[in-house]
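Participant: Can you keep this structure in mind? I'll have questions shortly.
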Amino acid sequence: MPINKKINPFLKTNNDTGFGSNPNSVGGRFINKDGTFNLRREGVPFFRRIGIYQKMLSLPMWKFILVILIFYAAINLVFTGIYLLTGADQLGGLVTATQWGKIKEVFYFSTQTFTTLGYGRLNPEGDTANLVSSLEALTGFLSFAIATGLIYGRFAKPKAYLQFSHLAVICPFKGKTALMFRFATYKDNHTLTNVEIKVNIALKVAEDGKQEYRFYDLALERTKVDSLPMNWTVVHAIDDNSPLNGLNKDDIAAADVELYVLITGFDDVYSSPVLQRTSYTYKEMVFDVKFVPMYRESADGQTTILEMHRINETREVKTN
């Protein structure tokens with residue numbers, strides 16, 4: 001159920017988030033933890049809707065490698081089938097008499113033709129086999145050109161390489177209460193500059209018998225840092241100017257609260273701007289705990305050590 005409490009009427013809502021305000025048309029969170037939008041399109045043909053190049057660039061590395069291997073095996077199986085259908089007798093140099101042995105030899109011949117390696121023991125003799133092998137060699141050239149472009153695109157694509165805390169905490173802060181989460185870059189020798197953050201919040205409210213989402217920009221203790229060599233704990237003070245003012249844990253759950261986080265910065269390595277998104281729902285907000293420090297001095301006192309494994313570590317805070 002949405003909350004019925006009055007939000008400060010003087011707070012300015014943000015109508016530029018791009019999300020609808022009708023709660024009956026929204027399913028789950030707006031933004032996934034990995035920064036993608038929790039949205040599925042329908043009513044458009046699949047091949048018109050999907051962008052293969054963009055999809056391949058955004059796949060996790062293990063999925064990308066798996067797709068390449070599956071494609072390589074599948075295309076060679078297809079050409080193996082074509083060679084066998086046209087007749088294995090059109091390939092000279094076969095030495096195996098069994099059917100399974102012929103299939104294996106033809107498959108390996110296909111891989112050699114596809115990669116233009118060509119050991120030379122097997123060779124096409126008939127016109128049909130020569131035509132098929134010519135088409136396969138052309139397919140191999142084009143496939144490796146595309147794969148090379150995809151691999152380069154994945155390595156050359158600028159990324160923020162940010163790791164966020166799994167939870168956002170609500171705890172005492174400077175005599176008030178504050179909402180906090182933190183993040184840090186996790187790559188060695190990778191420091192972002194001119195880093196800016198923007199945080200929006202969505203709340204489901206009921207007013208005059210009507211349910212709707214309202215969106216607000218959260219005021220932060222700091223919205224920009226010149227560089228980000230260490231972690232950054234983002235702090236939003238919950239005061240009279242906060243849409244969270246006066247809301248307890250049950251109210252936040254009832255309001256289906258979600259934070260939208262957008263980080264932008266400049267990557268010196270690629271000389272390019274980068275961005276990363278994430279979100280926190282009410283299920284990922286914890287009361288009366290506080291983040292523990294995640295950096296320490298080295299044993300020789302010469303270096304600061306950032307302990308990335310402690311980014312989610314918290315401790316309880318006693319409240320009156």
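Participant: For region 48-156, what does the alpha-carbon gyration tensor say about shape, rounded, prolate or oblate, given a ≥ b ≥ c as the root eigenvalues, a/c under 1.5 as rounded, and a/b over b/c as prolate? All intermediate terms of the calculation are to be shown ahead of the outcome.
Facilitator: Details: a/c = 2.58, a/b = 2.33, b/c = 1.11.
It is prolate, given that a/c is not under 1.5 and a/b is the larger ratio.
Participant: Still on this model: In whole angstrom, note down how far apart the Cα centers of region 261-320 and region 108-128 are.
Facilitator: Centre-to-centre distance over Cα atoms comes out at 56 Å.
Participant: Mean separation of Cα pairs under 8 Å and 6+ residues apart, divided by the residue count of the chain: what relative contact order is that in percent? Could the numbers behind the result be given before it?
Facilitator: Numbers: 495 pairs, mean separation 67.5, N = 320.
Answer for the chain is 21 percent.
Participant: Scan (i) 87, 63, 35; (ii) 57, 44, 35; (iii) 104, 38, 32 for the value of Cα extents along the principal axes in Å calculated from this model and give just the label.
Facilitator: (i)
Participant: Here is the link list: Lys249/Lys290; Lys159/Lys224; Lys63/Lys104; Lys63/Lys102. Which ones come out longer than 23 Å on Cα distance? Please report the intermediate quantities before stating the final value.
Facilitator: Numbers: Lys249/Lys290 16 Å; Lys159/Lys224 19 Å; Lys63/Lys104 27 Å; Lys63/Lys102 32 Å.
As for pairs spanning more than 23 Å Cα to Cα, those are Lys63/Lys104; Lys63/Lys102.
Participant: Taking other Cβ within 10 Å of each residue's Cβ, how do Glu42, Glu307, Glu284, Glu136 sort, fewest first?
Facilitator: Values: Glu42 5, Glu307 14, Glu284 18, Glu136 25.
Ascending Cβ contact count within 10 Å gives the list Glu42, Glu307, Glu284, Glu136.
Participant: Now a separate question. Using the beta-carbon distance between Thr96 and Met61 and R0 = 56 Å, what value does 1/(1 + (r/R0)^6) give for FRET efficiency, to the nearest 0.05?
Facilitator: 0.90
Participant: Enumerate the residues in region 168-197 having an amide nitrogen under 17 Å from the point lying 7 Å beyond the Cα of Ala219 toward its Cβ.
Facilitator: Those under the cut-off are 173-180.
Participant: For Phe71, Phe291, Phe266, Phe155, which order do you get if you count the other beta carbons within 10 Å of each Cβ and list the fewest first? Provide the component values of the computation, followed by the final result.
Facilitator: Working: Phe71 13, Phe291 20, Phe266 16, Phe155 7.
So the residues, fewest neighbours to most, are Phe155, Phe71, Phe266, Phe291.
Participant: Note down the magnitude of the dipole of region 159-316 about its Cα centre, charges +1 on Lys and Arg C-beta and -1 on Asp and Glu C-beta and zero elsewhere, to the nearest 20 debye.
Facilitator: Numbers: 18 positive and 23 negative charges, 30 e Å.
Computed charge dipole of region 159-316: roughly 140 debye.
Participant: Also: For His309, His236, His190, His166, which order do you get if you count the other beta carbons within 10 Å of each Cβ and list the fewest first? Intermediate values should be presented prior to the final figure.
Facilitator: Details: His309 7, His236 23, His190 15, His166 12.
Ascending Cβ contact count within 10 Å gives the list His309, His166, His190, His236.
Participant: A further question follows. For region 159-316, max minus min Cα coordinate along each principal axis, in Å, sorted largest first?
Facilitator: Here the Cα extents, ordered largest to smallest, are 61, 37, 23 Å.
Participant: Given a Förster radius of 56 Å and the C-beta distance between Lys104 and Leu275 as r, what FRET efficiency does 1/(1 + (r/R0)^6) yield to the nearest 0.05? Let's see the in-between values first.
Facilitator: On the way: r = 50 Å, r/R0 = 0.89.
Computed FRET efficiency for Lys104 and Leu275 comes out at 0.65.
Participant: Give the calculated FRET efficiency between Asp34 and Arg296 to the nearest 0.05, with a Förster radius of 41 Å applied to their Cβ-Cβ distance. Kindly include the intermediate steps, with their values, before the conclusion.
Facilitator: Details: r = 29 Å, r/R0 = 0.71.
E(calc), rounded to 0.05, equals 0.90.
FYI, it's all coordinate maths here, none of it is from the lab. Values in this document were obtained by computation on a predicted structure and should not be read as measured data. Every residue, glycine as well, gets a Cβ built from its backbone with ideal geometry; the counts of neighbours run over all protein chains shown.
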